[in-house]
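Below: the structure, in structure tokens.
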Amino acid sequence: MANNASARKRIRQTEKRTERNRMRRSRVRTFLRKVELALAGGTADEAKAAYAAAAPEMQRAVTKGVLHRNTVARKLSRLSARIKAAAAKTA
């Protein structure tokens with residue numbers, strides 16, 4: 001347990017930061033889920049629109065330190081490839 005004021009403040013800051021990061025991570029997952037659903041059941045245009053909404057949100061998570069930049073780059077690259085393949089399949 002914290003024994004001085006600065007340690008108690010640090011605990012409060014960590015709790016706030018943890019909650020913010022949890023919300024950011026959840027938001028990213030929601031956007032990714034929308035892309036996955038569009039790929040599974042929707043059209044390629046829907047998937048492209050969902051991807052266009054998800055990409056900046058994922059990049060924002062990188063700048064906020066929630067996700068690693070290489071993780072986001074890998075996920076975006078793989079999603080983009082899947083969207084292109086789906087578009088080629090329907091065209």
Amide H of Leu67: which non-local residues (sequence gap of 5 or more, or other chain) have their own amide H closer than 5 Å, using H built in the peptide plane?
Val62
Answer with one residue from Ile83, Ala52, Leu67: the one whose Cα lies farthest towards the positive end of the charge dipole of the chain, charges on Cβ with Lys, Arg +1 and Asp, Glu -1.
Leu67
If you average the sequence gap of Cα pairs under 8 Å that are 6 or more apart and divide by the length of the chain, what percent do you get for the contact order?
27
Report the FRET efficiency, 1/(1 + (r/R0)^6), for Lys16 and Ala85, where r is their Cβ-Cβ distance and R0 is 35 Å, rounded to 0.05.
0.25
So if I place +1 on the C-beta of Lys and Arg and -1 on the C-beta of Asp and Glu, and nothing else carries charge, what would the dipole magnitude of the chain be about its Cα centre? I want it in debye, nearest 20.
540
How far apart, in nm, are the 7 Å Cα→Cβ label points at Arg25 and Ser77?
2.4
Among (i) 11.9, 34; (ii) 14.0, 45; (iii) 18.0, 66, the value of Rg and Dmax of the Cα atoms in Å computed for this structure carries the label (iii)
Helix-derived mean residue ellipticity, 222 nm - over the chain, DSSP H n ≥ 4, -39500 (n - 2.57), to 500
-31000 deg cm²/dmol
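Just order 8-15, 55-62, 40-47 by mean Cβ neighbour count inside 10 Å, highest at the front, would you? Please list the in-between numbers first.
Values: 8-15: 10.9, 55-62: 16.4, 40-47: 14.5.
For the peptides 8-15, 55-62, 40-47, the packing ranking is 55-62, 40-47, 8-15.
Based on other C-beta atoms within 10 Å, arrange Val28, Val35 from fewest to most. Walk me through the numbers on the way to the answer.
On the way: Val28 21, Val35 25.
Ordered from fewest to most neighbouring Cβ atoms within 10 Å, Val28, Val35 come out as Val28, Val35.
Computed from the coordinates by the stated procedures, all read-outs in this text should not be read as laboratory data. This structure is a prediction, so every number in the text was calculated from the model and none was measured. Note: ideal-geometry Cβ built from the backbone for every residue, glycine included; neighbour counts use all protein chains shown.
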